[in-house]
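The values are calculated or read from the model by the stated rules, or taken from the named source; none is laboratory data. Model, not experiment: these values are computed from the prediction. Cβ: placed from backbone, ideal geometry, glycine included. Neighbour counts: every protein chain shown. Heavy atoms of the whole protein, side chains included, go into the accessibility calculation; ligands, DNA and RNA do not. Shrake-Rupley method; radii C 1.70, N 1.55, O 1.52, S 1.80 Å.
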Amino acid sequence: MKHLYQRLVVSSIVMSFISISCFNIVFADNRGLVVGDNINLRKSTSTTSEVVGKLNNGAPVTILSKDGEWYQISLETGQKAFVADKFISVSEVNALINANDVPVFKSSSADSEVVAKFNVGDVVSVKENTGDYFLVNNNSNVMGYVKKEFLMTELLQNIDSSPKNAPQAKQPRSEIKNYALVTAPTGVNFRQEPSLNAKVLAVLDKNATLDIVDVQGEWIKVALDSQQGYVSAEFISIEEGAKPDGTASSKAQEIIEFAKKYLGTPYSWGGTSLSKGVDCSGFVYAVMKNFGITLNRSSKDQVSNGAQVSKSDIQAGDLVFFDTDGTNNKQISHVGIYMGNGSFIHASSAQGSSCVSINSLNEDYYVRTYVTAARILK
């Protein structure tokens, strides 16, 4: 009876925690690898903070905590410091199981053998992403695959689709269609050389888009019209795809930044309140309404509000549509807003993440259920 009471208490605490926030981090031995060379380690979470060291590509770190766009890390020497999260590739994270009798499969398929079961509150180490399933193990060395919906941690989607025992080989820059997007609210200095002491050629506004010439650690060499120079990697994001025109990019980024303010808003069927509860089409409807864009109310009707575009040509700000009702027969039942770099933001009704969330179009579930995209920004 005592054990049953303890289990009920743990379950109550964990489920209450889920209802308060869909973004929970369980830090214990979360591990990652440095991406890029000559990366600054700082004393605090600021680009003006004292640099206490530097790391190069592939250096292992332990992630202690997350503060906005910064990780506090611990090195093998025991030194603690802060580093911008864009320079850390997460290789292993701890997560909480959010339900009872969760099956642990021998392979990443519900048809495979069940090797164990986890219960609410169990802590597991997540090591590999295979789409809908993640490879995990616990302190008893039980290892197998668990469905994504039963795992609770903010860093889950940072786990790659293959183990990271070593840094991944870099694809030649000439084979990647990428562009740089300025993310700093006050803009960024466009410098003649990759140095804070170098001459400032121009100040680039937030949401400015630039062609990438080369990536050099904490500096990105870019082209502005016919002139080449450098911007700090801390103040830009690298987006995949063809560089959009400035107007569409600027409006799309405003919409995306606004939408991200409501991460964690509970899923509520029929809801259109960004603060109290939304369903998928209600979320898109309310976000776009804030920018003077009127859409139809349901996802199956919203697809007609824009021009359909191929998956290979989607841009930030486009709407992405899915068929999530059984077999994908192209009947639209779900919608989200594409953010660029393969990610989209949407009001998810999935168990364990029933709220406004960010997911990847490359996840197996969304690959299987994807229908089309529509461009509503002119």
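Going through the range 126-155 one residue at a time, which ones are outside any strand (DSSP E or B), hydrophobic (A, V, I, L, M, F, W, C) and surrounded by fewer than 17 Cβ atoms within 10 Å (Cβ to Cβ)?
Val142
Could you grab the pairs with beta carbons closer than 7 Å, sequence gap of 6+ or different chains, first residue in the range 49-74 and closer than 26 Å to Leu196 by Cα, second one at pLDDT 85 or above and among the small types (Gly, Ala, Ser)?
Close Cβ pairs satisfying both conditions: Val52/Ala81; Gly53/Ala81; Glu69/Ala84; Trp70/Ala84; Ile73/Ala81.
Within the range 300-320, is there a residue that is under 14 Å from Tyr365 (Cβ atoms) and not acidic (Asp, Glu)?
Yes: one or more hits.
Just checking, which of Val83, Val52 is under 21 Å from the mean Cα position of the chain (by Cα) and surrounded by 13 or more Cβ atoms within 10 Å (Cβ to Cβ)? Quick ask: steps written out before the conclusion?
Numbers: Val52 fails: under 21 Å from the mean Cα position of the chain (by Cα).
The conditions single out Val83.
For Val115, indicate whether it is at pLDDT 85 or above and open to solvent by 50 Å² or more (accessible area, probe 1.4 Å).
Working: at pLDDT 85 or above: yes; open to solvent by 50 Å² or more (accessible area, probe 1.4 Å): yes.
Yes: the conditions hold for Val115.
Residue by residue through the range 55-80, note down the ones that are farther than 17 Å from Glu234 by Cα and open to solvent by less than 60 Å² (accessible area, probe 1.4 Å).
Once the filter is applied, which keeps residues that are farther than 17 Å from Glu234 by Cα and open to solvent by less than 60 Å² (accessible area, probe 1.4 Å), the range 55-80 yields Gly58, Ala59, Val61, Thr62, Ile63, Leu64, Ser65, Ile73, Ser74, Leu75, Gly78.
Cβ-Cβ below 8 Å, separation at least six or inter-chain, first residue in the range 261-274 and within 20 Å of Ser298 (Cα to Cα) and of a type in the set (Lys, Arg), second open to solvent by 60 Å² or more (accessible area, probe 1.4 Å) and in a strand (DSSP E or B): which pairs?
none
Out of Asn328, Asn296, I need the residue that is free of Cβ contacts under 8 Å to residues at least 24 places away in the same chain, open to solvent by 20 Å² or more (accessible area, probe 1.4 Å) and over 30 Å from Val120 (Cα atoms). Which one? Outline the logic, then answer.
Details: Asn328 fails: free of Cβ contacts under 8 Å to residues at least 24 places away in the same chain.
Being free of Cβ contacts under 8 Å to residues at least 24 places away in the same chain, open to solvent by 20 Å² or more (accessible area, probe 1.4 Å) and over 30 Å from Val120 (Cα atoms) holds for just one of Asn328, Asn296, which is Asn296.
Would you check if Gly264 is part of a loop (DSSP other than H, G, I, E, B), of a type in the set (Gly, Ala, Ser) and within 28 Å of Asn129 (Cα to Cα)?
yes
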